[in-house]
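The values are calculated or read from the model by the stated rules, or taken from the named source; none is laboratory data. Bear in mind that the values here come from a model prediction, so they are computed numbers and not experimental data. Cβ coordinates were reconstructed from backbone atoms using ideal geometry, including for glycine residues, and neighbour counts include every protein chain displayed.
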Amino acid sequence: MKQTNTTNRRLVLAERPEGAPTESTLTLNNEDVPSPQAGEMLLRTEFLSLDPYMRGRMSDAPSYAPPVNIGEVMVGGTVAQVDISKLDGFKTGDWVLSANGWQDYALSNGDGVTSLGRDPEHPSWALGVTGMPGFTAWAGLTKIGKPIAGETLVVAAATGPVGATVGQIGKILGCKVIGIAGGDEKCDYAVKTLGLDLCLDHRSSDFSEALVDATPEGIDVYFESVGGKVFDAVLPRLNTGARVPVCGLVSQYNATSLPEGPDRMGDLMG
Ligand SMILES: NC(=O)c1ccc[n+]([C@@H]2O[C@H](COP(=O)([O-])OP(=O)(O)OC[C@H]3O[C@@H](n4cnc5c(N)ncnc54)[C@H](OP(=O)(O)O)[C@@H]3O)[C@@H](O)[C@H]2O)c1
């Protein structure tokens, strides 16, 4: 079913998943499109960002952010257009960055909404390179990774919005940048479109050996987003004084117990 101007499709959290989410984790609720009161506007979702952090919001484990309650619409950053405005400062047709969540329409009093103007050239970029993932990449790489021209930077999840931004900033700063991604198509994109020096497929059977070959001078900055076997391969290649901005550990977001394997603290202290 396509978006209509009468029905608000809402994906709400039906149950908390144990491990990976299943078909029963979310339920589709169809409701009437709400009407704005004075001091409100009705936002129509044009783009919804699907981000790794959302898995964490499905759980009620302690976190830096509260979980989504059962029966509530899933959270999510959105680029939306103002459909009806009864709020000063916003007109019908304006584009905004908002947090409508996984639904077609949302009411807003303007809190937390950023105007994108009447006719933004690339409205969806506000959810990517010029939005939260882009800022995360810039801050993590330049403030924590502190790359220096000529150093070797390895970036995991290299074709997602965070990794793609990290890799491109690394090239601008004069680093040798090696991306890690899943599959040939993503690796081609990392090299041919993003301009990275090399990209390695973490699913290939010789991934660890390929990383050794690709980093003859070791690794100076590793931008971590995944953990697991990718980190196992990277760890022995880190140079003394290497920086590892830990942005995420997506390989563990569905985990129900601690990962198997040795305690790596000793290696990390070395
Ligand atoms: N701290 C913050 O403020 C903040 C903000 C935004 C994002 N993050 C974190 O940054 C990371 C990237 O975010 P993003 O939005 O750009 O995500 P993303 O790259 O679009 O998606 C995550 C990617 O991780 C890779 N992946 C998944 N499971 C994996 C596994 N087991 N082993 C290796 N790779 C795996 C997949 O790429 P491949 O198909 O290429 O393997 C997947 O597409 C995430 O860890 C996220 O939680 C943190």
Looking at the range 74-101, which of its residues are of a type in the set (V, I, T), out of contact with any helix residue (DSSP H, G or I) (no Cβ under 7 Å at 6 or more places or on another chain) and crowded, with 20+ Cβ neighbours inside 10 Å? T78, V82, V96
Candidates T142, T114, T165, filtered to the one that is within 13 Å of the ligand (Cβ to nearest atom), modelled with pLDDT of 95 or more and in contact with a helix residue (DSSP H, G or I) (Cβ under 8 Å, 6 or more places away or on another chain): T165
Any idea which residue in the range 169-198 is farthest from the ligand (Cβ to nearest atom), counting only those that are of a type in the set (V, I, T) and over 23 Å from S251 (Cα atoms)? I172
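Could you please find all residues in the range 95-154 being of a type outside the set (D, E, K, R), more than 20 Å from the chain's Cα centre (by Cα) and within 30 Å of L211 (Cβ to Cβ)?
The answer is P147, I148, A149, G150, T152.
Looking at this structure, is S49 touching a helix residue (DSSP H, G or I) at 6+ places or on another chain (Cβ under 7 Å) and among the polar types (S, T, N, Q)?
yes
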Checking the structure you have, find out if any residue of the range 133-145 is touching a residue at least 24 places away in the same chain (Cβ under 8 Å), in contact with a Lys or Arg (Cβ under 9 Å, 6 or more places away or on another chain) and surrounded by 14 or more Cβ atoms within 10 Å (Cβ to Cβ). yes
As an exercise: evaluate A242 against (1) more than 13 Å from the ligand (Cβ to nearest atom); (2) more than 30 Å from S63 (Cβ to Cβ) and give the number of the one condition it does not meet. (2)
Look at the range 211-239 and say how many of its residues are within 13 Å of the ligand (Cβ to nearest atom), small (G, A, S) and either over 24 Å from the mean Cα position of the chain (by Cα) or modelled with pLDDT of 95 or more (or both). 2
